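The block underneath contains the structure these notes are about, expressed in structure tokens.
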Amino acid sequence: MVHDPLQSDLPPSASMTVTDGELQIRLDVGRDSVRKSVSQLTRDRLKSIFDWTRELGIPVLPLSAAEDTAAQLRRLLGGLPAGRGRAAPHNLAEAALG
């Protein structure tokens, strides 16, 4: 799963354009209420993804759009604890995403 850390740490005074691939909207993330709503939406979305993949037993490796992919994979795969079952990758993934 690729996560953009900008979504969790929005700038205090700016605007940004977001899109779903077809439609786009400009958000005034300088407004506290907008930043809080986007942050809450992001947390809820990540939680639902992790809950769903945990329920299905699917390991998830979180990748940041702000870091080199190969370095992240080396760190994540090299740091997996042995013998902890299916939940271990989720714990690391959740910790890496904050």
| query | Accessible area, 1.4 Å probe, largest first: how do 23, 63, 77 sort? | reply | 23, 77, 63
| field | For segment 8-84, size of Cβ-based charge dipole, Lys and Arg +1, Asp and Glu -1, in debye | value | 280
| field | From phi via Karplus (6.51, -1.76, 1.60), per-residue ³J(HN,Hα) for segment 51-62 in Hz, x at Gly/Pro | value | 4, 5, 5, 5, 4, 7, x, 9, x, 10, 10, x
| query | Over the Cα atoms of segment 1-85, Rg to Rh with Kirkwood Rh, two decimal places? | reply | 1.05
| Where the only charges are on Cβ atoms (+1 Lys, Arg; -1 Asp, Glu), what is the dipole of segment 17-58 about its Cα centre, to the nearest 20 debye? | 220
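Just want to confirm a number: the relative contact order over segment 1-52, from Cα pairs under 8 angstrom separated by 6+ residues, in percent. All intermediate terms of the calculation are to be shown ahead of the outcome.
Details: 43 pairs, mean separation 16.2, N = 52.
Relative contact order comes out at 31 percent.
Around residue 13, under 14 Å between beta carbons, what's the net of Lys plus Arg minus Asp minus Glu among the other residues? Provide the component values of the computation, followed by the final result.
Values: positive: 31, 35; negative: 9, 28, 32.
Net of charged neighbours comes to -1.
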| message | Under 5 Å between amide hydrogens, which residues at least 5 positions from residue 63 or on another chain qualify, with H placed 1.01 Å from N in the peptide plane? | response | 2, 3
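The values are calculated or read from the model by the stated rules, or taken from the named source; none is laboratory data. A quick note: this is a predicted structure, and the numbers were derived from the prediction, not measured. Methodologically, a virtual Cβ is constructed for each residue, glycine included, from the backbone with ideal geometry; neighbour enumeration extends over all protein chains shown. Areas reflect the complete protein model, heavy atoms only, side chains present, ligands, DNA and RNA absent. Shrake-Rupley method; radii C 1.70, N 1.55, O 1.52, S 1.80 Å.
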